[in-house]
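The structure follows.
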Amino acid sequence: MAINVSSLELLRSFAPVQNYASSAPSVAVPLFSATADSCDWSIAKRRSCKLTSVFVKPDAMYRASVRDNSAAASSENKQVIGVVAEGQERDFTDSSYVPVYVMLPLGTISMECELVDPDNLINQLRTLKSINVDGVMVDCWWGIVEAIAPRHYNWSGYKKLFQIVQDLKLKLQVVMSFHECGGNVGDDVHIPLPQWVMEVGNQNPDIFFTDREGRRNHECLTWGIDEERVLERRTAVEVYYDYMHSFRVEFDEFFEDGVISEIEIGLGPCGELRYPSYPAQHGWKYPGIGEFQCYDKYLMKSFKKTTEMRGVSFLGEGPKNVGSYNSKPYETQFFRDGGDYNGYYGRLFLHWYTQVLIDHGDRVLAMANLAFKGTPIAAKLSGIHWWFKTESHAAELTAGFFNPSFRDGYAQIASMLKKHETALNFTCVELRTLDQQKDFPEALADPEGLVWQVLNVARDVGIRMATENALPCYQSEGYNKIVEISKPDPQGRHVCAFTYLRLCQQLMEEGNLLEFEKFVKRMHGY
């Protein structure tokens, strides 16, 4: 049902959020439910106007009222726009068909590049096929395929896997995984970067991201060496291209037959375009703000050059007073309301920091389009939703998303993806803000607000958007949220695909499988 209020009334209802004076408060309370796919996109899509939030101070005395007001606003909104009551399922029969893929287990291929437990996998894939799942997603691990020596590729286990998928008439989303597996939520295997790369790192540890205490992160290579010939006389971008080109040649028949429907390009830790700002290996725990990861000599040289070009070379050092991995924004001089992040130096540093991220994506995706010409490609962004209801959005800033209350940090990224005709794959679409407020009220999280901001940016720019869940999901509440976000808005726009995390024995249990089959049917419009 369309919103039965005029555009003028809508604008008036959002009027309080347009005050960005220094005294402006910092906790966002949703005025309209994020499930309101019938809202007026022409008005609500501009996050820079903060049309979905009103801000209040994050003092302890306000936090209880934030939860109460949020629930009340959501309830009021449902009366206005006709959203179904909590627990009810909307009817999406005959709506647009959204393909559903399922991620394969991280350890599907062994370190020796052999297919693990093929008989059990075949049975599970047959079950997925029987409920009309469209295909599966698999990581092609750099640390397995090019493990021993530069340009020595072993694709043997993937050949067997792809043949099984083809025989079952399923599709494949393939991830070029240039990152380490292990140490993050849900990781049940350890797959390091290639052995020869680690040997280079032993001699030159600055090829890895580094925090201000000098701790190295081996999840992926710093973007500071994208164009530095430090990997056995190759740059990092050349290494990534050679790997992708080898894959394209090796699996030509699966491209030609249309079995491979999409290639997702790994652009950072967990395959996501972000800095490794919240590593568990360094003691990070949710909802810590994380730390900037720019202290290798290559990135620091880049920042120094930026400050010299501005005539402020004396500012060419990393930020101070930023706390540590598990700090809260209000505990730091840099991230607190009205903090240094919003001063001259803060903006200079953050513009540079996010530009390095965008330039990395730009370079690697250009190579991906050369390697996979004619095949759809995608890039994944992480859903960093904690501290979203503060002015600084500190956790996003340390991850490279310059997305404080006064700036849309995803528009420039989306434009870069548009340049390379790359789909944006976004996570955490199953999470509900009220659940986060209940379970982690101190995190001031808003996953729904973040998802809709990114979704609107993608629609503004005109790029395809795919989604996936961030945490295991077996219940109807999570599935309902995914369907609501995936299905058409009033202008008929919808996500291009959804990928479920992840195939496991628990999903195969009868009750869970029946719930998942029901979800697949709704995504398909049946």
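Can you give the extra length, in nm with one decimal, that the chain gains between Tyr526 and Met198 once fully stretched, where that is 0.36 nm per residue apart less the Cα-Cα distance? Before the final figure, lay out the partial values.
Details: separation 328, 0.36 × 328 = 118.08 nm, distance 4.97 nm.
Full extension of this stretch gives 113.1 nm more.
Picking from Ala423, Gly511, Thr433, whose Cα lies most toward the positive end of the charge dipole for the stretch 398-526 (charges on Cβ: Lys, Arg +1; Asp, Glu -1)?
Ala423
Further question: Restrict the search to the stretch 346-444; then list the chymotrypsin sites (Phe, Trp or Tyr not before Pro) that DSSP places in a loop and that have at most 15 other Cβ atoms within 10 Å of their Cβ. Can you show the working numbers first?
Details: sites: Phe349, Trp352, Tyr353, Phe372, Trp386, Trp387, Phe388, Phe401, Phe402, Phe406, Tyr410, Phe426; in loops: Phe372, Trp386, Trp387, Phe388, Phe401, Phe402, Phe406, Tyr410.
Passing both the DSSP loop test and the Cβ count: Phe406.
Let me ask something else about it. Starting from the Cα of Lys373, draw a straight line to each of the aspartates and glutamates and keep only those under 14 Å, dropping any in the same chain fewer than 8 residues away.
Straight-line reach from Lys373, under 14 Å: Asp252, Glu256, Glu262, Glu264, Glu421.
Only sites in a loop by DSSP and with at most 15 other Cβ atoms within 10 Å count here; which trypsin sites (Lys or Arg not before Pro) in the stretch 277-330 make the cut? All intermediate terms of the calculation are to be shown ahead of the outcome.
Values: sites: Lys285, Lys297, Lys301, Lys304, Lys305, Arg310, Lys320; in loops: Lys285, Arg310, Lys320.
Sites meeting the loop and neighbour criteria: Lys285, Arg310, Lys320.
Along the Cα-to-C-beta direction of Val312, a point sits 7 Å from the Cα; which residues of the stretch 343-359 have their amide N less than 20 Å from that point?
343-357
Hey, how much of the P(r) for the stretch 211-289 falls beyond 16 Å, as a percent of Cα pairs?
Values: 2000 of 3081 pairs.
Percentage above 16 Å: 65.
What shape does the stretch 390-500 take by its C-alpha gyration tensor, where a ≥ b ≥ c are the square roots of the eigenvalues and a/c under 1.5 counts as rounded, a/b above b/c as prolate, and the rest as oblate?
On the way: a/c = 1.91, a/b = 1.07, b/c = 1.79.
Because a/c hits 1.5 or more and a/b fails to exceed b/c, the stretch 390-500 counts as oblate.
Residue by residue through the stretch 370-376, which ³J(HN,Hα) values in whole Hz follow from phi under the Karplus form 6.51 cos²θ - 1.76 cosθ + 1.60 (θ = phi - 60°), with glycine and proline marked x?
3J(HN,Hα) across the stretch 370-376, in whole Hz: 5, 6, 10, 3, x, 10, x.
Please express the shape of the stretch 211-347 as an equivalent ellipsoid: the semi-axes are the square roots of 5 times the eigenvalues of the C-alpha gyration tensor, given largest first in whole angstrom.
Numbers: eigenvalues 247, 81, 37 Å².
That gives 35, 20, 14 Å for the three semi-axes.
Using +1 on the beta carbon of Lys and Arg, -1 on that of Asp and Glu, and nothing else charged, what's the dipole of the stretch 416-526 about the Cα centre, debye to 20?
Details: 13 positive and 16 negative charges, 113 e Å.
Roughly 540 debye, rounded to the nearest 20.
Another one. Which net charge results for the neighbourhood of Val138, defined as the other residues with beta-carbon distances under 15 angstrom from its beta-carbon, given Lys and Arg at +1 and Asp and Glu at -1?
Working: positive: Lys159, Lys160, Lys171, Lys380, Arg502; negative: Glu114, Asp117, Asp134, Asp139, Glu250, Glu262, Glu264, Glu468.
Summing Lys and Arg as +1 and Asp and Glu as -1 gives -3.
Compute the Cα gyration tensor for the stretch 146-236, then decide on rounded, prolate or oblate, letting a ≥ b ≥ c be the square roots of its eigenvalues: rounded whenever a/c is under 1.5, prolate when a/b is larger than b/c in the other cases, and oblate in all that remain. Don't skip to the answer; put the middle values down first.
Working: a/c = 2.58, a/b = 1.75, b/c = 1.48.
Prolate.
Using the Cα centre as the reference, give the magnitude of the dipole from point charges on the C-beta atoms of the stretch 144-240 (Lys, Arg: +1; Asp, Glu: -1; all else neutral), rounded to the nearest 20 debye.
Working: 11 positive and 15 negative charges, 94 e Å.
For this selection, approximately 460 debye.
Return the whole-Å distance between the Cα centroid of the stretch 465-492 and the Cα centroid of the stretch 100-145.
When both Cα centres are located, 23 Å separates them.
Any read-out appearing in this document is the output of simple, stated calculations on the displayed coordinates, not a laboratory observation. Small disclaimer: the values here were computed from a predicted structure and weren't measured. Please note: Cβ atoms are built from the backbone with ideal geometry, for glycine as well, and neighbour counts cover all protein chains shown.
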